[in-house]
Structures are given as structure tokens and as C-alpha cells.
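Structure, as C-alpha cells:
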Amino acid sequence: MDVIETLKTLWNDSGFQSFFVDGGWKNLIMIAVSCLLLYLGIVKKFEPLLLVGIAFGCLLVNLSYFGPGSSDALYHLDLWDNFLDPEHENYHSYGAIMSHGGLLDILYIGVKAGIYPSLIFMGVGAMTDFGPLISNPKSLILGAAAQMGVFLAFFGAICLGFTGQEAASIGIIGGADGPTAIFLTTRLAPHLLGAIAIAAYSYMALIPMIQPPIMRALTTEKERQVKMEQSRTVSKTEKIIFPIIVAMFVILLLPSTAPLVGCLMLGNLWRECGVTERLSDTVQNALMNIVTVFLGISVGATTAASRFLSLETIKIVALGLAAFCFSTVGGLLVGKLMYKLSGGKINPLIGSAGVSAVPMAARVSQMEGQKANPKNFLLMHAMGPNVAGVIGSAIAAGFLLAVFK
Amino acid sequence: MVDITTLAATEAVTEAATEKGDKLSIGEAAVTAIFGYSVVFAGLLVLMIVLYCTGAYFKSKEAKQKADSAAEKTAAPAAAPAPAAAQKLAPGSAGHVKLFDVPDKEAAMIMAIVADKMQKPLNELHFISIKEVK
């Protein structure tokens with residue numbers, strides 16, 4: 001055995017050697033980024049259920065993928081590039097991915113096919129009580145208003161030189177809805193998925209820091225102190241009929257929303273109908289956890305250094321923040337309008353909850369309302385716009401998908 | 001481990017993927033954004049109207065049910081002098097105990113449970129009537 005030759009082979013096969021070849025240093029930066037994301041997820045508790053998985057997926061891909069020759073990588077960007085290239089023999093071939101891909105390539109098929117986001121929506125539906133929205137349908141207007149950031153960020157992205165498909169994917173960050181952002185991006189601009197998913201989930205975690213200054217700037221002390229009347233009690237029959245009506249209406253309006261809205265409403269029907277408690281329990285807990293594991297790690301895998309470290313990522317991060325802020329502004333402005341029209345009966349703070357991010361945004365409305373008036377309980381009133389925002393962002397995604405697919 | 005010669009090819013594919021989408025003019029983008037925002041508003045506005053209609057239907061149904069039960073309650077005192085006579089006694093009614101829609105075996109079981117819960121002998125308790133609440 002030639003020891004020197006064996007050592008050379010081991011060195012050439014090792015990942016350490018790859019850091020010193022062309023572009024390998026970028027992987028080192030991404031490894032540092034993944035450690036930062038792990039810190040934010042574990043220590044600062046920023047959306048830990050997803051961010052820890054995303055960060056570790058990011059770490060794994062940047063430890064194993066250094067370019068198209070990385071045969072032992074867990075995720076292969078080049079395979080997915082071939083998958084998307086109409087000229088290539090493996091165009092839209094899941095078989096090629098299964099044959100040549102690594103573990104994360106195979107898990108990523110669930111993202112690419114839109115399975116994980118839809119199943120997450122099913123779990124969200126099973127966990128959501130739409131009662132506050134049914135008792136106060138005006139909440140839907142606030143949910144619509146809070147999609148302003150989606151379309152302003154879309155416009156901003158076009159101004160910064162992104163294509164229509166990329167701009168649509170960036171804009172949807174403003175919907176503050178991770179599964180919707182992933183669903184739309186995998187269909188329109190899969191090469192931006194890593195940056196968009198990380199931006200969306202990071203900003204959702206930062207809602208308690210992003211929204212309050214905007215809420216205080218746009219509302220007066222008097223408006224924030226408004227105590228809202230208790231909403232009517234919603235009957236069981238109404239709660240059962242609601243998901244059926246919404247599914248029929250929204251899917252007929254925008255068929256491209258069928259996977260998201262269909263799964264959201266099916267999950268909710270299981271919750272409310274009272275005869276499928278086992279299914280509702282499974283979807284809310286076991287299935288949701290399993291899908292979260294797969295979704296987090298496979299989305300993190302898309303952050304390979306050669307793709308992620310670019311000026312585009314910085315632009316996406318900035319546009320994502322702007323989208324969140326403008327969505328909050330949109331909800332608050334319409335909330336103020338409702339305050340005026342209702343003669344001061346509606347607290348405009350509930351408008352900011354229209355950015356989905358259930359239930360974080362509603363909690364922020366509650367906290368700000370209670371700061372202004374300790375006797376104020378806005379949580380249930382804010383849950384209406386909050387869940388309306390989920391439907392609103394799905395409609396916005398459906399519109400963008402219909403226009404740009 | 002790394003085939004450097006193919007890196008350039010990957011970057012070319014990346015660029016192609018980036019270029020694949022349509023470049024929109026700022027005017028087109030503004031129209032798309034306004035139109036999209038309007039579609040979201042219109043969709044949720046119509047949904048709101050549908051919810052108001054279903055809500056109104058259920059509220060009126062609930063109000064009707066309340067009115068019916070209130071009417072029953074007000075009618076009850078008027079018919080008070082002969083309430084028991086109006087209702088048919090169930091088979092098994094004996095002595096002072098009157099059973100309404102309750103089989104005698106169930107009545108015996110209920111009396112036994114009540115006696116057990118109260119820790120009193122059954123012969124010290126006086127049952128007047130047992131009626132199934134529907």
C-alpha cells in the first residue's frame with residue numbers, strides 16, 4: 001500500500017480540500033450563515049420548528065456540495081437545473097432525481113411537487129378556529145388590505161431588475177405565509193427558493209419587532225385604546241358550512257389556489273365536523289410535525305453557496321422586509337378607515353393582524369392594545385383579520401400564479 | 001471531488017433560469033400590481049357578502065328558535081292546572097311516582113342511583129315524577 005498516494009486520495013476526496021478550490025470559500029461563509037441561523041432558531045427562538053431544520057439543511061448542503069462534480073452531496077443543484085432546463089434530456093424527470101440524487105434531493109421532491117406546503121396548510125386548517133372571522137366578516141377586508149405589501153414588493157422587484165416570475169415570488173413574502181411563499185416560488189422561481197424561504201420565515205419570527213413601531217406611528221393613543229364589543233357566538237353548523245363555502249368559492253374564482261385553499265379547508269372541516277376527531281388530531285400533530293421535518297431540511301438544502309451568495313439575495317432580503325412593512329401599513333390604514341366609518345367602534349390595531357402569520361400577528365395587536373388600555377382584549381377580534389390574511393395571501397398567490405405560470 | 005470545468009456550465013444554466021421569465025416594463029408591473037390587489041379585494045369582498053348572508057340566515061333561525069321557546073314558556077303557566085293530565089303516563093307508573101316517557105326499568109335504575117348518590121335508603125326518599133328531558 002502506497003501510504004502517500006492513499007493520503008493524497010483521502011485529501012482529494014475530503015471536503016476540506018474543496019474549500020481551497022475555485023469558489024470553495026463561499027461554502028465557508030454559508031457554513032457561518034447556517035450557524036448564525038441555528039443560533040437565531042435555538043437561542044433567540046425565531047420560528048425554531050422550521051428555522052432549525054432550514055439552518056441544518058443549509059449546513060449539510062454546504063458541507064457536501066461544492067459544484068456539479070460533488071457525487072457524494074446530499075443535494076445536487078445541477079440535477080435540479082437539468083430538471084428545469086427544457087433542452088435537457090432530464091427535463092421534468094423525477095426518475096433522474098431518484099436515480100442520481102442524494103437524500104435531500106429526494107426529500108426536495110415534496111417541495112417541488114407542492115406536497116409539503118399543501119400538507120402544512122391542511123394542518124393549519126385543522127388548528128385554526130375561523131369563528132372570529134365568521135362572526136365578523138368585515139375582517140376579510142382587513143385581510144385583503146394587508147396584502148398591499150405583496151404587490152408593492154412585486155412592483156419594487158420589477159424596478160430592481162427581476163423578471164415577472166421572480167418578482168411575484170419575492171412579493172409573496174409580504175403575505176407573511178411561509179407555505180404559500182414556498183408553494184409559489186417552487187412554481188415560478190425555484191432558483192430563489194432558499195433566499196425567499198429564509199427571508200419569509202425570519203421576518204415572520206421578527207413580527208413582534210417589525211410591527212409595533214409601525215402600529216404606534218400610524219395610530220393615535222385614542223384609537224389604540226378602543227375597546228371592541230364582544231362578537232356573536234357562531235353555531236357549529238356555520239363552522240361546518242364555512243370551509244365548504246370558502247373552498248367552493250375561492251377555487252372556482254382562482255383554480256390555481258386549489259392545492260392550498262383545498263387543503264386548508266379540508267383540515268378545517270375535519271376539525272369542525274365533529275365526526276373525524278382522529279384525523280383532525282393526526283393532521284394537527286403527527287402529520288404536521290413530519291412534514292415540518294421534511295420541509296425545513298429540504299428548503300435549507302437549496303441554499304448552496306454558489307447560488308445563495310449573490311447580490312440578488314441581498315435585494316430579496318431588503319424587498320421582503322419592505323413587503324412586510326407595507327402589508328402592515330395596508331392593514332392599519334384600512335383599520336383606521338373602519339374606525340372612522342364605525343364611529344370609533346373598531347380598534348385599528350386589528351388591521352395589522354391581516355398579514356397572516358397566525359397567531360403571532362394577532363398577539364402583537366393584543367399586546368399593543370393592552371399597552372394603550374390594560375382592560376383591552378383584542379386577541380379574538382384580531383384573529384378574524386389574521387385568518388382572513390391566510391385566505392387573502394392564498395388568493396394573491398393564486399393570482400400571481402395564474403398570471404406568471 | 002469537484003469538477004471545476006463544469007462550474008461554468010452550471011452558472012450558464014443558472015443565468016438561463018434567471019432569464020427565462022418575462023421582463024416586465026414598470027408600467028406593466030404597476031398595472032399588474034393594481035389589478036392583483038383589486039382581485040384580492042374583490043374576492044374577499046364577495047366572500048364577505050356570502051358570509052353575511054349565511055350569518056343572517058343562521059341569526060334569523062336562532063332568533064326564531066328563541067322566540068318559539070319563549071312562547072312555550074309563556075304558554076306553560078296557562079296550562080299549568082292540568083299539565084300532568086295532558087301528558088300520557090308511561091307504563092310502569094305506580095303509587096305516587098309518575099313516569100313520563102321513561103320505561104319502568106330505567107326509572108328504577110335512576111331511583112337507585114339517586115339513593116346511592118344521596119347515601120339514603122331508598123324507602124326514605126319520595127319521588128314525585130320522572131320525566132325524560134328531550
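The values are calculated or read from the model by the stated rules, or taken from the named source; none is laboratory data. This one's a predicted model, so the numbers in the text were calculated from it and none came from an experiment. Positions of Cβ are generated from backbone atoms using ideal geometry, with glycine treated the same way; all protein chains shown enter the neighbour counts.
The rows are residues; the columns are (1) within 14 Å of chain B (Cβ to nearest Cβ); (2) crowded, with 24+ Cβ neighbours inside 10 Å; (3) of a type outside the set (S, T, N, Q).
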| residue | (1), (2), (3) |
| --- | --- |
| A:Ala113 | no, no, yes |
| A:Tyr116 | no, yes, yes |
| A:Leu119 | no, no, yes |
| A:Ser139 | yes, yes, no |
| A:Gly143 | yes, yes, yes |
| A:Phe154 | yes, yes, yes |
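Screening segment A:4-79 for helices (runs of 4 or more DSSP H) wholly inside it with 3 or more residues that are away from chain B (no Cβ under 11 Å) returns the ranges A:24-42, A:48-64. Checking every residue in segment A:82-97 against the condition of being touching a Ser or Thr at 6+ places or on another chain (Cβ under 8 Å), hydrophobic (A, V, I, L, M, F, W, C), touching a residue at least 60 places away in the same chain (Cβ under 8 Å) and over 21 Å from A:Gly351 (Cβ atoms) gives zero matches.
Within segment A:122-137, being at the interface with another protein chain (Cβ under 8 Å from one of its Cβ atoms), in contact (Cβ under 8 Å) with a residue 12 or more places away in the chain and in contact with a Phe, Trp or Tyr (Cβ under 6 Å, 6 or more places away or on another chain) holds for one residue alone: A:Ile134.
All conditions in (1) within 30 Å of A:Gly389 (Cβ to Cβ); (2) modelled with pLDDT of 90 or more; (3) surrounded by fewer than 22 Cβ atoms within 10 Å (Cβ to Cβ) hold for A:Phe46, with the sole exception of (2).
Residues in segment A:93-102: is at least one part of a loop (DSSP other than H, G, I, E, B), outside the structural domain of A:Phe308 (by TED's automatic domain parsing) and either surrounded by fewer than 17 Cβ atoms within 10 Å (Cβ to Cβ) or out of contact with any helix residue (DSSP H, G or I) (no Cβ under 8 Å at 6 or more places or on another chain) (or both)?
We begin by selecting, within segment A:93-102, every residue part of a loop (DSSP other than H, G, I, E, B); these are A:93, A:101-102.
Of the ones still in play, those that are also outside the structural domain of A:Phe308 (by TED's automatic domain parsing) are A:93, A:101-102.
Still in the list and also either surrounded by fewer than 17 Cβ atoms within 10 Å (Cβ to Cβ) or out of contact with any helix residue (DSSP H, G or I) (no Cβ under 8 Å at 6 or more places or on another chain) (or both): A:93.
Looking for residues that are part of a loop (DSSP other than H, G, I, E, B), outside the structural domain of A:Phe308 (by TED's automatic domain parsing) and either surrounded by fewer than 17 Cβ atoms within 10 Å (Cβ to Cβ) or out of contact with any helix residue (DSSP H, G or I) (no Cβ under 8 Å at 6 or more places or on another chain) (or both), one finds at least one in segment A:93-102, hence yes.
Please tell me if A:Gly171 is in contact with a helix residue (DSSP H, G or I) (Cβ under 7 Å, 6 or more places away or on another chain), within 11 Å of chain B (Cβ to nearest Cβ) and buried (at least 21 other Cβ atoms within 10 Å of the Cβ). Considered against the rule, which asks whether it is in contact with a helix residue (DSSP H, G or I) (Cβ under 7 Å, 6 or more places away or on another chain), within 11 Å of chain B (Cβ to nearest Cβ) and buried (at least 21 other Cβ atoms within 10 Å of the Cβ), A:Gly171 comes out as yes. What residue, among those in segment A:360-385 that are buried (at least 18 other Cβ atoms within 10 Å of the Cβ) and not in a helix (DSSP H, G or I), is modelled with the highest pLDDT? Of everything passing the filter in segment A:360-385, A:Leu378 is modelled with the highest pLDDT.
For segment B:29-44, name all the residues that are closer than 24 Å to A:Ala388 by Cβ and more than 7 Å from chain A (Cβ to nearest Cβ).
Residues satisfying the conditions are B:Ile34, B:Phe35, B:Ser38, B:Ala42.
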